[in-house]
Every structure is written in C-alpha cells, then in structure tokens.
Amino acid sequence: MKRHFQFTAIAATAILVVTGCGTGGGASNYPSETVTYSIPFGPGGQSDVEARRQEPMLEEKLDTDVNITYKEGAGGAVGWTELVGEQPDGHFISGMNIPHIILQPMTQDDAGYETDQINPVAIFQGTPIGLAVPADSDIETMDDFIEEANSGEQMTISGSGTYSGHHLAFMQLSNIEDLDMEYVPSTGAAESIQNFLGGNTDAVFANSNDLVTYKEDMNILAIGAEETFEALPEVPTFQETGQDFTASIDRGVAVPPDTDEEIIQTLEETFLEIANDESVQEEMINEGFEPLAMGREETQEHIDQLSEEYEETMRELGEIE
Amino acid sequence: MEIIQEVLASLSQPFTIIYMIFGVAAGMVVGALPGLTATMAIAVMLPFTFSMPADTALITLGGIYIGAIFGGCIAAILINTPGTPSSIATTFDGYPMTQQGKPDRALITAAVSSGIGGVIGGLALLFLTPLLAALALKFGPPEFFWIAILGLTMVATLSSGSLLKGLIGGTIGLLLSMVGLAPIGGSSRFTFGFSQLQAGFELIVMLIAFFCIPQVIKMIKNQKDPTEQVQSFQQEKGVIGYVFRQVIMRPFLILRSAVMGIIVGIIPGAGGNVASLLSYDATVRLSKDQSTFGKGDVRGVAASEGANNAEVGGSLVPLLALGIPGAPPAAVIIGALLMQGIQPGPNLFEENGVLIYTFITAFILSNIVMLVLAIFGSKYIGKVINIPTYYLAPAIVFLTIIGSYAIRNNFTDVVTLIVFGLIGYVLSERGFAPAPIVLGLILGPIAEEGLSQSILISDGIGDLFVLFVSRPITIILILFCILSLLSPYIGKLLKKTKTQE
C-alpha cells in the first residue's frame, strides 16, 4: 500500500503542476514559470510526436520547463475550448490544427469556441491529403477515376472524421467535378486506412505520411499540395490534374485571446527558429510531412483565406445555411 | 541464424532486463489503481524512453503494457472495481473469492492464467503475425457491427438474476454511449447545449462510477453489519500448487481464452475489455455446471485473465505487420516508434527485423516476469482487504477522483464521476448489476460506427442485407448471435428430452 500512496503523491503533484497553480508574470520577464503545451489529441498521435520533437529545443530557447499535456475529445474541440478560456500570459499554449479550428465552429453551434478566438502564433508542419485507389485497381489516373465515378456505380471513399480535412477534400472534389460519391468516415486515420486496405471502400483520402508508408499497397492519383510534394515526386497535385483545390492538415501553435503582443512575438520567434532548423525539416520530410515556417501574420491570413473558401464550398453543397 | 544471435545479444544486456522488470512492476502498480489505465501508464513513461536505445525503449513500454493489463485484476479482485476496463469480467468471480477470505487464490489464478495467456499471445505474435494480419484486414465495418451485437447478447450471462434488469441496464449503457459528437455524421447529441458534453462520457470514468463508487458506499454503509463483512485474509499453504493444478487440469479453458483474446486483439477498436467479457461468457455457457459462476469460481477468473493478457499480443499484430494499432495502448507505442525514428508500416519487419524480433522475444519473457512478480506479490497484495474500511474507503475515493481527472485532464469528468456514482449506487440497490450498463457503453460506439459505415458502403453495392451475407466472417458472427440468443432454450430442451428418457 505504501507504494500506492507514494504514487498518489507524485500524481497529485503532477496535477498541480499541470493545472498551472501559481501566478503569472508580466510580458517583460516572460517566461517566468513552466509553459504548458496542451495537445488537443491523445498521446502518441502526430501532434504529440511533433510537440515532443520541439520540447527540448523550446526548453533551451525559452529557458524554462515545457510540460506537454493532453486534452483529448470531440476532435480537438475540448482542448481548444479550454485554450480560449485560459490566462493570456503565454504560459499556456496549445497545438492548433487547420482545418479543424475553422470547420468545427462553422458546422456546430456548440463547439465551445469560435475560430477568431484562436490566437495563432505560427504554423510549422503541413500534411497534404492525397486520393488513392488499391495498387491492383484498373484506375490509373485521376481521369480514370472521374470516368469511373461518372459511370453510374456509386464509389465509396474512406476518410478520417466528419467535417474534417478529409471530408472537406471529398466535398471539394465532388463539388468541382459534380460527382455523386459516398464518403465513409472513420474515427481516425488508422481506422480509415484499414477500411481501405481491407477492401471495404473503393478509394481513400489519406495524409501524406500514410501515403508514403503504404505507397506499395496503393496507387496515389493526386495530392492536395500546392506544388509537387517532395516525398512523392511522381504524384501530381490536384491542380495539375485539373481540380483547382488544395487539401492539407496544417499543424501550428496558438495562445489564448488577448495575449500580450510581446509574448506572442517571443513565442513566434522561438517556434520559427525550430521550424527552420535543418535537421527538424529533414526528419519531417523523411516521415512524409511538409516542413512549414509561417509566422503569426501569415498564419492569420491563411486561416482567413481558408475560412472564406470553405464556407463557399459548404454553402454550395448545402452543408451549412 | 544471424538474427537469433543478434536478438540474444541485445537481450542479454543487464540494463534491458532491469528495465523489463521495472516496466512490468510499474505497469502492475498503475494498472491496479482504478482510473489509471495501461494507455496512461505508457504515455507517462514515453518521454523517459526517448534517451534509451530503441530496443530498450520498446521492451520497457511492452513490459508496462503487460503489467498494467494484469494489474487491473488486482483492484477487480480485492475491491470489486476493475483497475482497467480489461478486468471487468474478473470482478464477477474474483471478488466473491475475496469475500470468502481467499484473495490470494484469485490473485494467483489470475497471475497464472495471465502469464500463460500472455505467452500464447506472444508466441502467436512471433509465428503467426503475417497470417493474423491478413485476418485483421478481413474485419471491416459489418464485422465490427456484428461482433458488438454478439457482445450485447452477453447481457443474459452478466445480468446476475433478473434478465429484464440486465436489458434495462444495457439500454442505459447504450444511451449513455450516444452522448456527444456522433462518430459518423458529426452531429452533437444529448449535449443540451453544453459544450462540455461534446466529448461524450469517458469509459473509464463511467467504469469507476458504476463499479467503484457504489462499492465504496456499500463498504461504508455495511461497516457495522457482521453479515456483510469480507472474511479476513489468512495465508494458506499450497495455494500455488492448488491453482496450478486447477488451471493445468483445464487446458482447453486457457487455450480457448487465449485464442479469443488474440482474435479480439487483432481487431482494431475492440480491446481487452471485449476479449475478457466474451471469453467469460463462452466459458460460462460451455460449462456443464454453471451454478458456481459469480460465486467465486476459479474458472471465471481464469477465463477473463487468460483472454485479456493474450489480447495484448493480438493487439500488437496489426501494429507490427501493418502499422495500425489494435488497441489504444498500441497507439501510444506507435508514437514511441515514431519518436525513435522508426516508421511503423508494412515494411517494419524487413527494415527493423532484429529490433522487432528482440521486442517480441522480450514480450514473451516479460509475461514470465509478470507471472513470477505476481505470485510473490500476491501474499502482500492480498493483505489490502485487512485494512479497516475507515482507511480504505477514503483512500479509494481519493484515488478514483485523481484518476478520473487525469484521464483527459478534464474537470467535467470528476463531476460525471460523482453524479453517475450516486446514480450507480441507487441502481445497484435496486438490483441493477453494473456490468450490463458498462457493456452497453463499450459496445454502443462499436456497433454504431460499424452499422453507419456498413450502410454507407452498401450504397455502393445497393443493399445492406447483401453486404452482410456476402461476407463469410459476418455470416459466422450472425450465426453465433442466433446461437447465443437461443442457447438457454436449447439447454432447456436438451434437459427435457433427457428427463423424458
């Protein structure tokens, strides 16, 4: 039993640290205490892996402890709801995913936060979304795919989540080519890949890192990157195959609303320095990601532009009023 | 041959062995605490493994996984509260054994069957991975739906007494599982405008609420009632030998539990909880003498624990062969691989053969380490029940509140725990067993996602019915469901004809 109590004491201390009991300092001596880096997803996911990669560099550059915590639920909404209610002193920062933070408030009345409450600091990673069919399929190009989708037989496409990056890519493709297909959502990228590999759906929308991992088992028709994707140089972009849209899940970091500009600037510089680090970029490329380094202003413009674009697509498809 | 040499070389490093033992022991402690799960234990340890070499890191995390799944049975046996969802079925016969003053017998049974189940799971991982991975891909949405329905037919076995109350309990569980964002379609359900409810109710929190809180209230209420007292624990001689004979006399029971554990394990989405419940259910139904189940039957504990530790091996199959996690703790291990710079996926065996075979061999060894630790520990762990209620009850409540908060760092979960704990107490006083409610909570989302996806997929071929009957595994599962529903009547019919003769 003694062991139990020791563990309890450690757990209790950990919780006190995690919840950030203590007082925050002003902007001039930031950071004056442990910085909590909240991940709105579970441990071991891509957001976590990225944060873990940054952690030692953040600690060194900010000269303070960085504590990664998980606030999982409702596709990230629980974590972002917490973010917008936190103290704006820079000691609570959170991972931020696009398009999640745009689509959740757009499609749900009770998401718990609004997109403009998310105060972006930087974007450091992109995950272009690609469309793939099985390796042994007769469909070889995007043109074949569209022909097949128009042939009268209903095609099914697997993807991760509803009103997610994959769902949006599906909607944009359907809208542009005027196709009638069925989207089969799963509760995670791994489940959706499994559905596809098991032959349950005709095609799959998958993240670039999964496309790289499973490239032997699939024929990748096109990818939602803006230009040729470095890890898959032979795959055309949707724009090159004639569908004018991009699809990507971008990861960044954000702070609560009304955070002091000086603090945001410190964080922005730190995150951009890490994002521009050559070894970090090389690791990302090897794992199938696109290293990005977008500062605060650029990130905000990116969010605004995508918000407009998504709203138009959703309106045209009658998903929102 | 070269690969065997390299595996042995890496396993014979003293540090690797020390970390393995440490991992198993730490996992057992965390698993024993209600609310702290295997997933959490691995996640907490994850940062410490970064600085280790890849093989040591994987072995440590694997040890924690194995230890935590076993540890769950400790709380299940001693205080009638599953330490992790995997040991729900262990409470049915484990706790009655404690009430009779024989917690060591239950603990050692659990240790032996977990150890054997775990080793069988490990051997399957070592020799059958490519085969099992192909089977894993055969499980799609229709199979998920029907396996969940098969699970729901277990209500009959789990409702201890009144079938009607069991069905009502199961329905309550299903309804509670629907709160929050729909897995398919994304609409928010039963949130009544509270964004806190969007994430739904966390299974672990509900597990503590329905099992633990009512149990603690009962403990406090019955403090002075001599008829309700748990017999105090006195060490017996020869328990280990007794248990080994009991378990080894029933090779089919352990083998069947292990096979069920492995198969459920390779199915992503269904974890040790489903495995141990299905195995318990099968054991009860297939036994000639069912009268002692629920009253402290060794077979019940063995069925549950043999399955849930074999499930660990099964859940690693899709991870190692396909890069797809078979259970939530396996998902965290994927994170550990990524952070070691290893890309999990179809080429893992080819590119990192030595590492993977080292891991699997260590995995089998870890199960033996667990068996030894658990047998030696059971003497001391069993003494927990001798702690007076006025110490034990507040300690349990304190631990559960911390645990429920720590799962998602969410205060809403603490409120949920208290509210549903009180509801759970009222229900249990009225004769509603907690197991069917939790069963509904576990299987509701699996059934819903499976059915919704099946309907969407069937749009492609035109008919849901055609989709179901065109898949062999689905047909088998449907037949099992029918058998399971009819089995009480078939049993009665057989008895009737026998007496007539």
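The values are calculated or read from the model by the stated rules, or taken from the named source; none is laboratory data. Just so we're clear, the structure is a prediction, and the values are computed from it rather than from any experiment. Cβ atoms come from the backbone with ideal geometry, glycine included; neighbour counts cover every protein chain shown.
Quick one: in region A:149-180, of everything that is away from every other protein chain (no Cβ under 11 Å) and without any contact (Cβ under 8 Å) to a residue 12 or more places away in the chain, which residue is nearest to A:Ser137 (Cα to Cα)?
Looking at the filtered set, the residue picked out is A:Ser151.
Restricting to region B:316-363, name every residue that is under 12 Å from B:Ala54 (Cβ atoms), at pLDDT below 80 and part of a helix (DSSP H, G or I).
Scanning region B:316-363 gives a single hit, B:Met339.
Scan B:Val259, B:Val247 and give me the residue that is modelled with pLDDT under 90, in a helix (DSSP H, G or I) and hydrophobic (A, V, I, L, M, F, W, C).
Residue meeting the stated conditions: B:Val247.
In region A:252-293, which residues are within 14 Å of another protein chain (Cβ to nearest Cβ) and of a type outside the set (Gly, Ala, Ser)?
Of everything in region A:252-293, those that are within 14 Å of another protein chain (Cβ to nearest Cβ) and of a type outside the set (Gly, Ala, Ser) turn out to be A:Val280, A:Glu282, A:Glu283, A:Met284, A:Ile285, A:Asn286, A:Glu287, A:Phe289.
With the requirement that a residue be buried (at least 24 other Cβ atoms within 10 Å of the Cβ) and assigned to a loop (DSSP other than H, G, I, E, B), what does region B:270-288 give you?
Passing the criteria: B:Ala270, B:Gly271.
Could you tell me which of the residues A:Gly75, A:Gly95 is crowded, with 23+ Cβ neighbours inside 10 Å, more than 10 Å from chain B (Cβ to nearest Cβ), in contact with a helix residue (DSSP H, G or I) (Cβ under 8 Å, 6 or more places away or on another chain) and closer than 28 Å to A:Gly112 by Cα?
Exactly one of A:Gly75, A:Gly95 is crowded, with 23+ Cβ neighbours inside 10 Å, more than 10 Å from chain B (Cβ to nearest Cβ), in contact with a helix residue (DSSP H, G or I) (Cβ under 8 Å, 6 or more places away or on another chain) and closer than 28 Å to A:Gly112 by Cα, namely A:Gly95.
Given the options B:Leu493, B:Leu439, name the one that is assigned to a helix (DSSP H, G or I), away from every other protein chain (no Cβ under 14 Å), under 30 Å from A:Ser192 (Cβ atoms) and of a type in the set (A, V, I, L, M, F, W, C).
None of the other options fit; the residue is B:Leu439.
Can you tell me which residues in region B:386-399 are assigned to a helix (DSSP H, G or I) and away from every other protein chain (no Cβ under 11 Å)?
B:Thr389, B:Tyr390, B:Ala393, B:Pro394, B:Val397 - these are the residues of region B:386-399 that are assigned to a helix (DSSP H, G or I) and away from every other protein chain (no Cβ under 11 Å).
Could you please give the count of residues in region B:433-476 that are surrounded by 22 or more Cβ atoms within 10 Å (Cβ to Cβ) and in contact with a Lys or Arg (Cβ under 9 Å, 6 or more places away or on another chain)?
Matching residues across region B:433-476 total 2.
Of the numbered conditions (1) farther than 27 Å from B:Pro436 by Cα; (2) buried (at least 24 other Cβ atoms within 10 Å of the Cβ), B:Thr90 fails exactly one; give the number of that condition.
Tallying (1) farther than 27 Å from B:Pro436 by Cα; (2) buried (at least 24 other Cβ atoms within 10 Å of the Cβ), B:Thr90 fails exactly one: (1).
Output the residue which, of all residues in region B:39-78 that are within 12 Å of another protein chain (Cβ to nearest Cβ) and within 29 Å of B:Gln100 (Cα to Cα), is surrounded by the fewest Cβ atoms within 10 Å (Cβ to Cβ).
B:Leu78
Evaluate region B:55-62: report whether one residue or more is within 21 Å of B:Ile396 (Cβ to Cβ) and either touching a His at 6+ places or on another chain (Cβ under 7 Å) or of a type outside the set (Lys, Arg) (or both).
No, every residue in region B:55-62 fails to be within 21 Å of B:Ile396 (Cβ to Cβ) and either touching a His at 6+ places or on another chain (Cβ under 7 Å) or of a type outside the set (Lys, Arg) (or both).
Name the residues in region A:78-115 that are without any contact (Cβ under 8 Å) to a residue 40 or more places away in the chain and of a type in the set (Asp, Glu), would you?
Across region A:78-115, the qualifying residues are A:Asp109, A:Asp110, A:Glu114.
If you take the residues of region A:193-241 that are at the interface with chain B (Cβ under 10 Å from one of its Cβ atoms) and in contact with a Phe, Trp or Tyr (Cβ under 8 Å, 6 or more places away or on another chain), which of them is farthest from B:Ser315 (Cα to Cα)?
A:Asn209
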